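Asker: Handing you a structure now.
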């Protein structure tokens, strides 16, 4: 129980002392009249309970032991944890596996063209016509088709080896190369045009629109292997576009280069068969057409090489800018 005696004095003269325990002592200064000391053991309703704070001097000293500025401390610690990697280190790290595998690619670079040369150019240039052409019959047609099938096998092996050289060895790197839609469209237009024109000429000959007429077996010997290999080229290009293989750019160059030799062989066979003049003009026109298309393909290769060089230059400059920042 507590006893409170309040005299008529000014409120500013009151002094409140708080000790470590719950005891509250309210002392009133002495004036003319001596007043007794008021002792209170219970808290008044408007006073809150004392709050105990844990000592954080040690944590603060450990946190700010490096510098007195909190922002400098945070910046220095975060900067020390992040490793600094320059653009040269990134370039060296990326080029190191390529240099190690460079020696393994050199034999493939020689073996691929050698296979293409041995299966395509050597039989066409050095094999006598008399050994593969025995007259306007099925045997001659099968001999010519077999000769083109040998080239097709060599071209397939060459494209597979070129694909293995072009793809990166690390699985984490991007290994897909998508051909532009405009390239696919115009390339198919050129290929289908080279397929439709001989078919229309054959239809005109069978309907007596073109004179003199050409027999079916003679037409098959002259332009049958050409149409068959053209169909194989269309299928191969569609597969390379679907698989997004890096060899989509060189596939038409390989087939069109051989096609020129194939049509030149057809000119020699036309002389052996005494083919009509319109057939010879047709074959000469096809030779000119595919030489034009081959030149456009080589221009495409040059453009693609230039765009790839510009992309690499922009990537290297971006890496340098990131490292400097």
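Asker: Against the condition touching a helix residue (DSSP H, G or I) at 6+ places or on another chain (Cβ under 7 Å), surrounded by 20 or more Cβ atoms within 10 Å (Cβ to Cβ) and within 21 Å of residue 141 (Cα to Cα), how does residue 261 come out, does it pass?
Answerer: On the way: touching a helix residue (DSSP H, G or I) at 6+ places or on another chain (Cβ under 7 Å): yes; surrounded by 20 or more Cβ atoms within 10 Å (Cβ to Cβ): no; within 21 Å of residue 141 (Cα to Cα): yes.
It is false that residue 261 is touching a helix residue (DSSP H, G or I) at 6+ places or on another chain (Cβ under 7 Å), surrounded by 20 or more Cβ atoms within 10 Å (Cβ to Cβ) and within 21 Å of residue 141 (Cα to Cα).
Asker: Does any residue of region 180-200 turn out to be free of Cβ contacts under 8 Å to residues at least 60 places away in the same chain and not in a helix (DSSP H, G or I)?
Answerer: yes
Asker: Of everything in region 157-171, what is part of a helix (DSSP H, G or I) and either in contact (Cβ under 8 Å) with a residue 40 or more places away in the chain or not assigned by TED's automatic domain parsing to the domain that holds residue 226 (or both)? Give them in sequence order.
Answerer: The first filter runs over region 157-171 and keeps only residues part of a helix (DSSP H, G or I), leaving 157-166.
Within region 157-171, 157, 158, 159, 161, 162, 163, 164, 165, 166 qualify.
Asker: Now for a different question. Out of 135, 146, report the one residue that is assigned by TED's automatic domain parsing to the domain that holds residue 256 and over 26 Å from residue 237 (Cα atoms).
Answerer: Values: 146 fails: over 26 Å from residue 237 (Cα atoms).
After applying the criteria, what remains is 135.
Asker: A further question follows. Identify the single condition in (1) touching a helix residue (DSSP H, G or I) at 6+ places or on another chain (Cβ under 8 Å); (2) surrounded by fewer than 18 Cβ atoms within 10 Å (Cβ to Cβ) that residue 120 does not satisfy, given that it satisfies every other one.
Answerer: (2)
Asker: Next question. Does region 125-140 hold any residues that are buried (at least 18 other Cβ atoms within 10 Å of the Cβ) and in a helix (DSSP H, G or I), and which are they?
Answerer: 132, 140
Asker: If we keep just the residues of region 220-253 that are within 21 Å of residue 112 (Cα to Cα) and more than 24 Å from the chain's Cα centre (by Cα), which is surrounded by the fewest Cβ atoms within 10 Å (Cβ to Cβ)?
Answerer: Among them, the one singled out is 232.
The values are calculated or read from the model by the stated rules, or taken from the named source; none is laboratory data. Nothing here was measured: the structure is a model prediction, and the numbers come from that model. When we count neighbours, we look across all protein chains shown, and the Cβ atoms used for this are built from the backbone with ideal geometry, even at glycine.
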